[in-house]
1. Could you give me the residue pairs with C-beta distances under 7 Å whose first residue belongs to region 100-127 and is of a type in the set (Ser, Thr, Tyr), whose second residue is part of a loop (DSSP other than H, G, I, E, B) and surrounded by fewer than 20 Cβ atoms within 10 Å (Cβ to Cβ) wherever it lies, and which are 6+ apart or on separate chains?
2. On the given criteria, is Gly71 closer than 17 Å to Asp130 by Cβ, in contact (Cβ under 8 Å) with a residue 24 or more places away in the chain and among the small types (Gly, Ala, Ser)?
3. Has region 99-109 got at least one residue that is under 22 Å from Gly286 (Cα atoms) and buried (at least 18 other Cβ atoms within 10 Å of the Cβ)?
4. Which ones in region 17-49 are more than 19 Å from the chain's Cα centre (by Cα) and either under 22 Å from Val67 (Cα atoms) or among the acidic types (Asp, Glu) (or both)?
5. For Leu278, indicate whether it is at pLDDT 95 or above and among the aliphatic types (A, V, I, L, M).
6. Would you list the strands (runs of 3 or more DSSP E) that sit entirely within region 207-265 and hold 3 or more residues that are touching an Asp or Glu at 6+ places or on another chain (Cβ under 9 Å) and under 15 Å from Phe279 (Cα atoms)?
Amino acid sequence: MFAAPPSITAEVFAELPAALRRDGRHSEFVEQHPGRVPAHSLLEGPSFDRGGNLYCVDIPHGRIFRVDPGGAFETFVEYDGWPNGLKLHRDGRIFVADYKRGIVTVDPQTRQVRPFLERFRLEHLKAPNDLVFASNGDLYFTDQGLTGLQDPTGRLFRVRADGRIDLLLDNVPSPNGLVLDPGEEIVYLAVTRDNAVWRVPLLGDGGVAKVGVFIRMSGGTGPDGLAIDDAGNLAVAHVGLGAVWLFSPRGEPILRVNSCRGDHTTNVAYGGADGKTLFITESDSGSILRAPMPVGGRAMYSHL
């Protein structure tokens, strides 16, 4: 075990305005989801574009928001889906891991939502959670569904830039957020119901081997979204604990960022003028928090 790291407290960057909250509105996602889910919104999937605008999703109400650098929310698109993870492609398209519809894309000009991947072979996906691009255009995503320790069949996929699909893991109890290390030789995978972050080494032949636990956590619900900085330090949103942990490349805790609002710290992204500010979606309050970090993130937008 390690000593407790130094801690700081995040501040509020933006808050979902009352006019955009959906208290009292029917949502199957809220009503059928195991565990407590806020009804007004569930903010997730933060990701920046080149202009410094922050995109995030509202899972149960099928909305994607765009938040300008001043913290003002606008509904970018609303559709029949449960968007969970979000990343921007270098061509401008928005890729969404949709819990209901698979992987979809959003055209930034027309705002039209189109299917990208609904099935693997002939079977529907369980329910995608999050996604990340490699520098060569390969797309990695988690297929979580309702998996957990009672059903450890969550999956990690890769969609290669040429369209080939690889099933990398199919034994994960609730795969969630994911990032690549700076050398793109390892996938770090948040496994929420195992309360751990797994280390998934990528082999030269396209497979994986010697997958293991990189960080063992405790308390809360478990790790959710991940982000990585230029030094390879891993930021882990610990949902249910109201905190984000920063771990060194060796897995040692070096900083704790406490929420100034609720405990539903769902996901994280680096941004700001120098890329050294961590933005945190906090879903209990419907807020986006921010905190200064020691090292800047790898990129302010995805798939450079």
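1. That search, which allows pairs on different chains as well, returns Thr105/Arg93.
2. no
3. yes
4. The answer is Pro17, Ala18, Ala19, Leu20, Arg21, Arg22, Asp23, Glu28, Glu31, Ala39, His40.
5. Against the criterion (at pLDDT 95 or above and among the aliphatic types (A, V, I, L, M)), Leu278 qualifies.
6. Passing ranges, in order: 222-228, 234-239.
Results for (1) in contact with a His (Cβ under 6 Å, 6 or more places away or on another chain); (2) more than 26 Å from Arg36 (Cβ to Cβ); (3) in contact (Cβ under 8 Å) with a residue 40 or more places away in the chain; (4) of a type in the set (Ser, Thr, Tyr), shown as yes or no for each residue.
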{"residue": "Gly145", "(1), (2), (3), (4)": "no, no, no, no"}
{"residue": "Leu156", "(1), (2), (3), (4)": "no, yes, yes, no"}
{"residue": "Glu185", "(1), (2), (3), (4)": "no, yes, no, no"}
{"residue": "Arg199", "(1), (2), (3), (4)": "no, yes, no, no"}
{"residue": "Ile215", "(1), (2), (3), (4)": "no, no, no, no"}
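Okay, residues lined up against (1) within 18 Å of the chain's Cα centre (by Cα); (2) touching a residue at least 40 places away in the same chain (Cβ under 8 Å):
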{"residue": "Gly219", "(1), (2)": "no, no"}
{"residue": "Gly225", "(1), (2)": "yes, yes"}
{"residue": "Gly232", "(1), (2)": "yes, yes"}
{"residue": "Gly240", "(1), (2)": "yes, no"}
{"residue": "Val244", "(1), (2)": "yes, yes"}
{"residue": "Val257", "(1), (2)": "yes, yes"}
{"residue": "Arg261", "(1), (2)": "no, yes"}
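The values are calculated or read from the model by the stated rules, or taken from the named source; none is laboratory data. Computed from a prediction, not measured in an experiment: that's the story for all the values here. Reconstructed Cβ throughout: ideal geometry from the backbone, glycine too, with neighbour counts over all protein chains shown.
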